[in-house]
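Asker: Before we start, here is the structure in question, set down as structure tokens.
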Amino acid sequence: MAIYDKIYFRVINFLKIALPVIGVGLIIAMFILSRDQVSKAVLPFDKNKFEHELAKQQINQLYYSGQTDAGDEIALSAQAAAESLEGQDKLEMKSVSATVKTKYGLEINATALFGEYLYSEKLLKMSGSVLISSSTGYQLSTPALLVSTDGTYIRGVGPVEGFSPMGKIQAGKIEIKRENANAPMQLWFSEKVMIDYEPKDI
């Protein structure tokens, strides 16, 4: 009986130490898993729907896709994003890309080192080595780019240069917009447009 009591008390003492340790381990594991899920969340560009996660930490692998008021498909992504520390109502991003596919078939792709999304204006500002390509054969670069996420326009900030289907092109300004609400989006170049025409071999 004495041996049984001794074993019994040893088991009880062991469990008193082991169970709290196991419990703490489970809590830590749950915290790590939940944090990883938040960091890869899909972000709707509605601050109120994601405000709690944004307040806690940086978001990694941000991704958003949807449809504009004009019926175009739009997709935005960033390697990392966080709320502005300046108290402004905006999201600051790194390694940003944006794709717009219009209902008429035109596709515009843009990439940049940095980006800012302004909630109130529904506007994405891209800057730092901005590259633009289109399904119609344009490959362009510009210092900065404004992308309206409601489908109104895409506008370069500063001069633009690159290649067009006709050859090298330079201009003081580029806009991708509609003439009216029902018209297809088109690329518009202005302010001292120069094209180095390169005829293709027949």
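The values are calculated or read from the model by the stated rules, or taken from the named source; none is laboratory data. Predicted, not measured: the structure shown is a model, and the values here were computed from it. As a convention, Cβ positions derive from the backbone with ideal geometry for all residues, glycine included, and neighbour counts pool all protein chains shown.
Asker: Could you please let me know if Lys192 is touching a Gly at 6+ places or on another chain (Cβ under 7 Å), among the charged types (D, E, K, R) and buried (at least 16 other Cβ atoms within 10 Å of the Cβ)?
Answerer: Considered against the rule, which asks whether it is touching a Gly at 6+ places or on another chain (Cβ under 7 Å), among the charged types (D, E, K, R) and buried (at least 16 other Cβ atoms within 10 Å of the Cβ), Lys192 comes out as no.
Asker: Hey, can you tell me all the residues within segment 82-101 that are surrounded by fewer than 21 Cβ atoms within 10 Å (Cβ to Cβ) and among the aliphatic types (A, V, I, L, M)?
Answerer: Passing the criteria: Ala82, Leu85.
Asker: Follow-up question, since we're still on this one. Test each condition in (1) buried (at least 17 other Cβ atoms within 10 Å of the Cβ); (2) hydroxyl-bearing (Ser, Thr, Tyr); (3) modelled with pLDDT under 90 for Tyr104 and report the one that comes out false.
Answerer: Evaluating Tyr104 over (1) buried (at least 17 other Cβ atoms within 10 Å of the Cβ); (2) hydroxyl-bearing (Ser, Thr, Tyr); (3) modelled with pLDDT under 90 leaves (1) as the failure.
Asker: Among (1) at pLDDT 65 or above; (2) surrounded by fewer than 15 Cβ atoms within 10 Å (Cβ to Cβ), which single condition is Asp36 missing?
Answerer: (1)
Asker: Would you check if Tyr117 is outside any strand (DSSP E or B), within 20 Å of Ser65 (Cβ to Cβ) and either touching a residue at least 12 places away in the same chain (Cβ under 8 Å) or not assigned by TED's automatic domain parsing to the domain that holds Gly66 (or both)?
Answerer: Spelling it out, it is not the case that Tyr117 is outside any strand (DSSP E or B), within 20 Å of Ser65 (Cβ to Cβ) and either touching a residue at least 12 places away in the same chain (Cβ under 8 Å) or not assigned by TED's automatic domain parsing to the domain that holds Gly66 (or both).
Asker: Does Val157 satisfy the condition of being over 16 Å from Thr102 (Cβ atoms) and either among the β-branched types (Val, Ile, Thr) or in contact with a helix residue (DSSP H, G or I) (Cβ under 6 Å, 6 or more places away or on another chain) (or both)?
Answerer: yes
Asker: Going through segment 138-154 one residue at a time, which ones are assigned to a strand (DSSP E or B), within 20 Å of Arg178 (Cβ to Cβ) and not β-branched (Val, Ile, Thr)?
Answerer: Matches in segment 138-154: Leu140, Leu145, Leu146, Ser148, Tyr153.
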